[in-house]
Amino acid sequence: MSAYPAATRPVLVQPLSAQAELLILVRAAMAIVAAVGLYVAFAIGSGTPTSQRNLMPFQKLIADRPPDEQRMFRELQEGLLEAEAMRAAENAWPTTSALADAGIPPFATDPTRRRAYNWRLNKNGTLVNYLGIPKDDDGPAWLIVVLEPEPGVPPDQPFEDQEHHRLLNGAMLHVATWVHPNGRSVADRIVRMPQTEGWMQLYAVGLDAPRSPSAAPP
């Protein structure tokens, strides 16, 4: 019994017509629109603004805080930059008295400010705190936490943002600004884990992705 090869048939391949291509594009566009619509519906239904969705419960945007806190936040950012410049130039963090004598806010006396503060510089190894406790009332306390890099340990990221500042000498700092609603309850000591002691971390803008809590090593 002999086997015969299967007969081959020619197949005509033709390009899609303009109408068929248009139909495919329309269907793809409809799928994209539907996906975007579902995303927007989820975002609205969650009740959380997009700018705040990646924040932890103890983290807030300064734009949502009272005007007095917004002013203090701005002054602390200015004061921190000045302190960083002194740190790079003098190889030591300036005291709050030195910052006040240089007229740097918020450490310098300002009669237009609603509350007066006692400012302290507390250090422990690579951990630096600038702590402000209100003098006369139950206003909020303020805290800048700076974590310097360990010698020989590369930074957790190579670029600057609102949580990472680079000194003029190249060292990358991890920085965070905190506020405590009850200043009188705050002790004058080094703070390692502010989020465990009732502090709230403030951001100028929202985060693009979830972040781990800003904290110092134990």
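Among the residues here, Asn124 does not qualify as touching a Leu at 6+ places or on another chain (Cβ under 8 Å) and of a type in the set (S, T, N, Q). Hey, any hits in the range 106-115 for a residue that's touching a helix residue (DSSP H, G or I) at 6+ places or on another chain (Cβ under 6 Å) and either assigned to a strand (DSSP E or B) or over 16 Å from Glu82 (Cα atoms) (or both)? Yes; the residues of the range 106-115 include at least one that is touching a helix residue (DSSP H, G or I) at 6+ places or on another chain (Cβ under 6 Å) and either assigned to a strand (DSSP E or B) or over 16 Å from Glu82 (Cα atoms) (or both).
Considering Ala108, Ala85, Ala98, the condition of being modelled with pLDDT of 95 or more, surrounded by 13 or more Cβ atoms within 10 Å (Cβ to Cβ), over 27 Å from the mean Cα position of the chain (by Cα) and hydrophobic (A, V, I, L, M, F, W, C) is satisfied by Ala98 alone. Among the residues that make up the range 134-149, is at least one of them touching a Gly at 6+ places or on another chain (Cβ under 9 Å) and farther than 23 Å from Arg71 by Cα? Yes - at least one qualifying residue is present in the range 134-149. Filtered by the rule that a residue be free of Cβ contacts under 8 Å to residues at least 40 places away in the same chain and of a type in the set (Lys, Arg), the range 114-144 gives a lone residue, Lys135. Of everything in the range 161-199 that is basic (Lys, Arg) and not in a loop (DSSP other than H, G, I, E, B), the residue that is nearest to Glu75 (Cα to Cα) is Arg166. Of note, Val145 satisfies the criterion of being in the same structural domain as Met172 (by TED's automatic domain parsing), among the β-branched types (Val, Ile, Thr) and within 22 Å of Gly198 (Cα to Cα). Comparison of Gly79, Gly132, Gly139, Gly152 shows that the only residue that is surrounded by 14 or more Cβ atoms within 10 Å (Cβ to Cβ), at pLDDT below 95 and among the small types (Gly, Ala, Ser) is Gly139.
When the range 58-94 is filtered for residues that are part of a loop (DSSP other than H, G, I, E, B) and touching a Lys or Arg at 6+ places or on another chain (Cβ under 9 Å), the ones remaining, listed by number, are Trp93, Pro94. When Ala116 is tested against (1) of a type outside the set (Phe, Trp, Tyr); (2) within 21 Å of Arg71 (Cα to Cα); (3) surrounded by fewer than 18 Cβ atoms within 10 Å (Cβ to Cβ); (4) modelled with pLDDT of 95 or more, only condition (4) is not met.
A residue that is assigned to a helix (DSSP H, G or I), at pLDDT 50 or above and not assigned by TED's automatic domain parsing to the domain that holds Ala141 can be found somewhere in the range 26-46.
The values are calculated or read from the model by the stated rules, or taken from the named source; none is laboratory data. Small disclaimer: the values here were computed from a predicted structure and weren't measured. So basically every Cβ, Gly included, is an ideal-geometry build from the backbone, and we count neighbours across all protein chains shown.
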